[in-house]
Amino acid sequence: MKVSREQKINMYRSMIKIRKFEDKLEQIYRDGKLNGHSHTCHGGEAVAVGAIEALSEKDIIFSNHRGHGHYLARGTSPKNIMAECYGKVTGTNQGRSGSMYLVDTKRGMPVASGIVGGNICLATGSALASKIKKDDIVTLSIFGDGATNIGFFHEALNMASVWNLPIIFLCENNQYAEATHREQHQKVERISDRAIAYSMPGKTVDGTDVLKVYEAVKEAVECIHRGEGPILIECVAYRLSGHSSGDLGAYRPKREEEKWRKMYDPVKKYKIKLFKENILSFEEAKKIEQEIQKEIEEAIKFAVKSEEPLAKTVGKFVYQEEVNG
Amino acid sequence: MAKIMYIEALKSALREEMRKDENVFIMGEDVTRYGFGINRGLVDEFGPDRVRNTPISEAAIIGSAVGAALRGMRPVAEIMFVDFIMIGLDQIVNQAAKMSYLSNGELSVPMVIRTPEGTEWFGGGAQHSQTLHSMFMNIPGLKLVIPSDPYDAKGLLKSSIRDNNPVIFFEHKQLYTQKGEVPEEEYAIPLGKAAVKKEGKDLTLVATSWMVKHSLEIAEDLKNKISVEVIDPRTLVPLDKDTIINSVKKTGRLLVVDESHVSGGLQGEIITVAMQEAFWNMEFPPRRIGSLNTPIPFSGALEKKVIPTKEKIKEEILTMFSD
């Protein structure tokens, strides 16, 4: 599959942006500067960027609680995401969400689900809408390995299969459901094998390789455009952070973590690949990092100095006021 | 005016709204071929894309309705028995009810979940006879509609479909075959307006769903002794507090009858709403009737001990005038 040099560098830039954003955010929580908690996606950068790069602007993405990377990859400003983590009125949800339920309707990203697996049925409904309207929009539902054990997964994949819906079920298998390793929460070796139960194609790809993820999702989009229905893609990666801010992941074997960090860090891996292929020079890489670093610093400044939402607006938008017709 | 059955009134609302708006569609278990018959025949006019049989997957039915609604469709999802709604509860409570708020009004979920509840000799027992609407009153972001006759059923279903919020539309199994006058011409009943089903001056009897019929019959039976005002809130969210409060101020007596279990139920909520405004008008402490705090048993002998019956309502009213 042909990927232009420019596209490759853009993907790199996106991955760096996610990594730096999450690094910084984690530090802010550790320093006790922020209330609540967040789920950073260290190690998931290739999945977020590869999958989302393969979609077109009109496609719909249902994200989850570990969603900062998905929104950043789609182009949501780090300023607005950071401000949301700070609960400020300039945040993506104007302070009503915090880190977990981000929204960006302009980029086809409805509210992310903080309930594990909670978006899978919703995404199926979005695909159903496409089917009934006969538009060519593809819906992407992103969830983790833990979510494949919840009933929504089964109900939704079965329904999508019976109705041949235009949807990609993208499992970011980061090996851990909160603090439980996959071997302790499911017997199946490849999550993509579960697709067999729904007579849909299932594919496992290296989730630490952004181009492999991109290619798999791009192919899936093409299949869907040919009317070939839903597909399950498993991206195998590793959660390089704890489950949420404040969790150092002490339950993980040190050697396991070291191995993944050294050999399969998606950002590092991709950088080396781009160096080797002479797509990126050291100078360019450094420049990108510096630019992004600055962008993230500015996002924090923006978040800190933004206003809190006005208390009197608390009851707004519980209900929609307008009636149809 | 023609008298038609409650199920026919519902069907006619569905048909009219589906003709009017191509985004309206129906989904649920066996909606084209089985069940209580509300949807029967609609597939012939609208086709299987818009009258859609689903697997037995309540979470996916409700969740995919939410997802389709987020994309501008207006799904009417049928849950065959309200008891089954529990499988899809996350999708209602954590998803549907939160979308508008979390997106600062940018996203809306214009969907209706239609579902029958209640019993009175329906014979469904503990997992097919419950009355669960009260628990949803504790969830901001949902609208709750509960019509008690064919006229209200049609007018309220049309408004529910046109509403841009998630609406749960509670029907009662015993109401399905009840007949009532429904005009031929177009009408809709706004959500949030109670109906004074019968005017009276001695006692305010707030009743919902199947209990309205009992209440009206009792009011008729007692008319020479006690003048009973029967109020049907028709929608629980939004709740027409004013109509209830004004009635209680006038009568000085309040009895609330609802098939929910009494503990934490709608009855207590309505009494509180009324007492905050009308306490000094009261001539007798407010009373409530609901199902006892036990599961619904199968045996008729047991069931009638648990649920509100006509006899229990009448007895309670007489007690309230015993002084």
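Only the coordinates and a few stated rules stand behind these numbers; no lab work does. Worth saying up front: this structure is predicted, and the values here are computed from it rather than measured. Heads up, the Cβs are rebuilt from the backbone with ideal geometry, glycines too, and the neighbour counts pull from every protein chain shown.
For chain B, the longest principal axis of the Cα atoms and the long axis of helix B:6-20 meet at an angle of about 40 degrees.
Using a Gaussian network for chain A with springs between C-alpha atoms less than 10 Å apart, which of these wobbles most: A:P201, A:P309, A:P253? Among A:P201, A:P309, A:P253, the largest GNM mean-square fluctuation belongs to A:P253. With 5 Å bins beginning at zero, the pair-distance distribution over Cα atoms of the stretch B:136-213 amounts to 3, 13, 23, 24, 20, 11, 5, 1 %.
In the protein assembly as shown, what percentage of the DSSP-assigned beta bridges are antiparallel, given to the nearest 5?
Details: 12 of 65 bridges.
Antiparallel: roughly 20 percent of the beta bridges in the protein assembly as shown.
Compared with the direct C-alpha span, the chain from A:Q184 to A:E308 gains 40.4 nm at full extension, assuming 0.36 nm per residue.
At q = 0.15, 0.20 Å⁻¹, what base-10 log of I(q)/I(0) does the Debye formula yield for the stretch B:164-323 when every alpha carbon is treated as an equal point scatterer in vacuo? Taking Cα atoms of the stretch B:164-323 as identical point scatterers yields -0.83, -1.41. Label sites at B:S227 and A:N164, each approximated as a point 7 angstrom past Cα along Cα to Cβ, lie 6.8 nm apart. So if we plug the beta-carbon distance of A:Q293 and B:Y34 into 1/(1 + (r/R0)^6) with R0 = 60 Å, what FRET efficiency do we get, rounded to 0.05? Given R0 = 60 Å and the Cβ-Cβ separation, E is 0.45.
Counting 0.36 nm for each residue step from A:S56 to A:F282 and taking away their Cα separation leaves a gain of 78.3 nm. Between A:I196 and A:R107, the distance separating the two model label sites (each 7 Å from Cα on the Cα→Cβ line) works out to 3.8 nm.
In chain B, the longest principal axis of the Cα atoms and the axis of helix B:58-70 are about 70 degrees apart.
Antiparallel as a % of all DSSP beta bridges within the stretch B:195-320, to the nearest 5? Kindly include the intermediate steps, with their values, before the conclusion.
On the way: 3 of 15 bridges.
Here the antiparallel bridges make up roughly 20 percent for the stretch B:195-320.
As a calculated quantity, the FRET efficiency between A:E219 and A:I9 at R0 = 30 Å, using C-beta atoms, amounts to about 0.85. Available extension along the chain between B:E185 and B:K3 is 64.2 nm, counting 0.36 nm per residue and deducting the alpha carbon span.
Under the classification rounded if a/c is under 1.5, otherwise prolate if a/b is larger than b/c and oblate if not, where does the stretch B:1-129 fall, given a ≥ b ≥ c as square roots of the Cα gyration tensor eigenvalues?
On the way: a/c = 1.78, a/b = 1.17, b/c = 1.52.
It is oblate, given that a/c is not under 1.5 and a/b is not larger than b/c.
The lysine pair tally for the stretch A:212-286, using Cα distances under 15 Å and a gap of 8 or more places or different chains, is 11. Neighbour counts of C-beta atoms inside 10 Å place A:C171, A:C235, A:C223 in the sequence A:C223, A:C171, A:C235, starting with the fewest. Here chain B is treated with +1 on each Lys and Arg Cβ and -1 on each Asp and Glu Cβ, and its dipole about the Cα centre works out to around 160 debye. Here the calculated FRET efficiency for B:E199 and B:T177, from their Cβ-Cβ distance with R0 = 30 Å, stands at 0.60, rounded to the nearest 0.05. Listed peptides B:291-301, B:151-161 appear in the order B:151-161, B:291-301 once ranked by packing, highest mean of other Cβ atoms within 10 Å at the front. Each label point was placed 7 Å from the Cα along the Cα-to-Cβ direction; for B:M282 and B:E106 their separation is 4.8 nm. Take each residue in B:69-75, count the other chain C-beta atoms within 10 Å of its C-beta, and the mean is 6.
The DSSP beta bridges internal to chain A are antiparallel in roughly 10% of cases. Helix B:241-251 and the longest principal axis of the Cα set of chain B meet at an angle near 20°. Averaging the sequence gap over all C-alpha pairs within less than 8 Å and six or more residues apart, then dividing by the number of residues, gives the stretch B:3-181 a relative contact order of 28 percent.
Where does each of A:T90, A:T313 land when they are ranked from fewest to most other beta-carbon atoms within 10 angstrom? Please report the intermediate quantities before stating the final value.
On the way: A:T90 19, A:T313 13.
Going from least to most buried by this count: A:T313, A:T90.
Which shape class applies to chain A: rounded if a/c is under 1.5, otherwise prolate when a/b exceeds b/c and oblate if not, where a ≥ b ≥ c are the square roots of the Cα gyration tensor eigenvalues?
It is rounded, given that a/c, with a ≥ b ≥ c, falls under 1.5.
Using C-alpha pairs under 8 Å with a sequence gap of at least 6, the mean separation divided by the residue count of chain B gives a relative contact order of 16 percent.
Averaged over peptide A:308-318, the number of partner chain Cβ atoms lying within 10 Å of each residue's Cβ comes to 3. Close amide-amide hydrogen proximity is noted between B:A194 and B:D240, each under 5 Å apart and 5 or more residues distant or on a separate chain (H modeled in the peptide plane; Pro and chain starts excluded).
For the options A:A216, A:A179, A:A123, a Gaussian network treatment of chain A with springs between C-alpha atoms closer than 10 Å singles out A:A179 as fluctuating the most. Remark: mean inter-chain Cβ contacts per residue of A:152-158 equal 5, using a 10 Å Cβ-Cβ cutoff to other protein chain atoms.
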